[in-house]
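Asker: First the structure, then my questions, so here it is.
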Amino acid sequence: MSAPEHQLRIDPVGPPRATIVFVPPLFEEANRTRRTIVLAMRALAVDGFAALLPDLPGQNESLVPLDQVDLDQWQAKLAAITAALDGPVLVASIRGGALIDHRAKAAAWWRLAPVGGASLLRTLMRARASADREAGIASSLESLQAAAQLAPLLLAGNSLSPAMIAGLGAAEAQYVEPLRSIPLGEGGIVGTPLWLRAEPGEDAVMAQAIAADIAAWSKTCGIS
């Protein structure tokens with residue numbers, strides 16, 4: 001049996017008002033946003049919330065190979081994690097994290113810049129095709145899609161199973177309630193689209209805005 005995945009938890013000084021479970025963007029986007037998510041978690045802890053950032057199978061130091069994982073497994077694992085928590089739970093998802101949060105046991109959901117799985121997959125495929133061209137390898141979106149049906153495919157440093165790629169191509173964020181879905185930028189959270197950067201970074205102002213918006217939304221949902 002493999003060891004359980006790591007969970008980063010930041011607790012407030014006293015009893016928590018609720019636990020905020022962060023679901024980061026998927027694949028490489030998770031690495032680029034992690035530092036800002038952790039800053040938001042610290043801000044929430046100051047405001048009296050516990051904050052949890054769980055690794056899922058195939059992520060970070062998990063002993064489960066990523067090419068043996070699919071979206072259904074991630075959804076089930078996240079549901080199990082939230083079900084084991086005491087007190088109110090609010091799930092906060094960013095980008096592709098919204099594709100796997102709907103089975104969670106939660107009092108409320110909060111989503112930042114949710115994106116469809118097909119859009120994520122196209123971005124990954126185009127990056128692979130571009131890298132292949134630079135390496136003198138002939139490939140196309142069509143040939144990559146065909147190869148992905150037969151064996152794991154390496155996309156942006158991630159070996160994704162045929163089941164993961166098929167599931168991702170068909171995945172959309174599912175309706176949950178109560179839900180606050182907020183964009184990045186005008187009319188939403190002001191900050192940097194960190195998931196577009198080539199390297200991990202952080203945006204402290206954005207982290208504070210995320211924490212403040214989640215805290216305000218929790219009160220609207222009766223979590224105090």
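The values are calculated or read from the model by the stated rules, or taken from the named source; none is laboratory data. Note that the coordinates shown come from a computational prediction; the quantities given were computed from them, not determined experimentally. Please note: Cβ atoms are built from the backbone with ideal geometry, for glycine as well, and neighbour counts cover all protein chains shown.
Asker: Of the residues Arg103, Arg17, which single one is more than 18 Å from the chain's Cα centre (by Cα) and part of a loop (DSSP other than H, G, I, E, B)?
Answerer: The unique qualifying residue is Arg17.
Asker: Can you tell me which residue is nearest to Gly157 (Cα to Cα) among those in region 27-85 that are in contact with a Gly (Cβ under 9 Å, 6 or more places away or on another chain) and of a type in the set (Phe, Trp, Tyr)?
Answerer: Among those that are in contact with a Gly (Cβ under 9 Å, 6 or more places away or on another chain) and of a type in the set (Phe, Trp, Tyr), it is Phe27.
Asker: Sort out which residues of region 195-209 are farther than 18 Å from Ala30 by Cα and touching a residue at least 60 places away in the same chain (Cβ under 8 Å), and write them in order of number.
Answerer: Gln208
Asker: Which one is surrounded by the most Cβ atoms within 10 Å (Cβ to Cβ), of the residues in region 98-119 that are basic (Lys, Arg) and closer than 13 Å to Ala79 by Cα?
Answerer: By that ranking, first place goes to Arg103.
Asker: Looking at Ile223, is it under 30 Å from Val46 (Cα atoms), in contact (Cβ under 8 Å) with a residue 60 or more places away in the chain and not in a loop (DSSP other than H, G, I, E, B)?
Answerer: no
The rows are residues; the columns are (1) assigned to a loop (DSSP other than H, G, I, E, B); (2) within 30 Å of Gln149 (Cβ to Cβ); (3) within 14 Å of the chain's Cα centre (by Cα); (4) not aliphatic (A, V, I, L, M).
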residue	(1), (2), (3), (4)
Glu29	no, yes, yes, yes
Ala43	no, no, no, no
Leu53	no, no, yes, no
Leu56	yes, yes, yes, no
Gln75	no, yes, yes, yes
Ala80	no, yes, no, no
Leu90	no, no, no, no
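Asker: Of the conditions (1) touching a helix residue (DSSP H, G or I) at 6+ places or on another chain (Cβ under 7 Å); (2) loosely packed, with under 15 Cβ neighbours inside 10 Å, Gly185 fails just one. Which one is it?
Answerer: Exception for Gly185: condition (1).
Asker: Which of the strands (runs of 3 or more DSSP E) contained wholly in region 112-194 include at least 1 residues that are over 16 Å from Phe27 (Cβ atoms) and at pLDDT 90 or above?
Answerer: Output list reads 179-182.
Asker: For region 1-26, which residues satisfy the criterion of being touching a helix residue (DSSP H, G or I) at 6+ places or on another chain (Cβ under 8 Å), touching a residue at least 60 places away in the same chain (Cβ under 8 Å), surrounded by fewer than 22 Cβ atoms within 10 Å (Cβ to Cβ) and of a type outside the set (D, E, K, R)?
Answerer: Gln7
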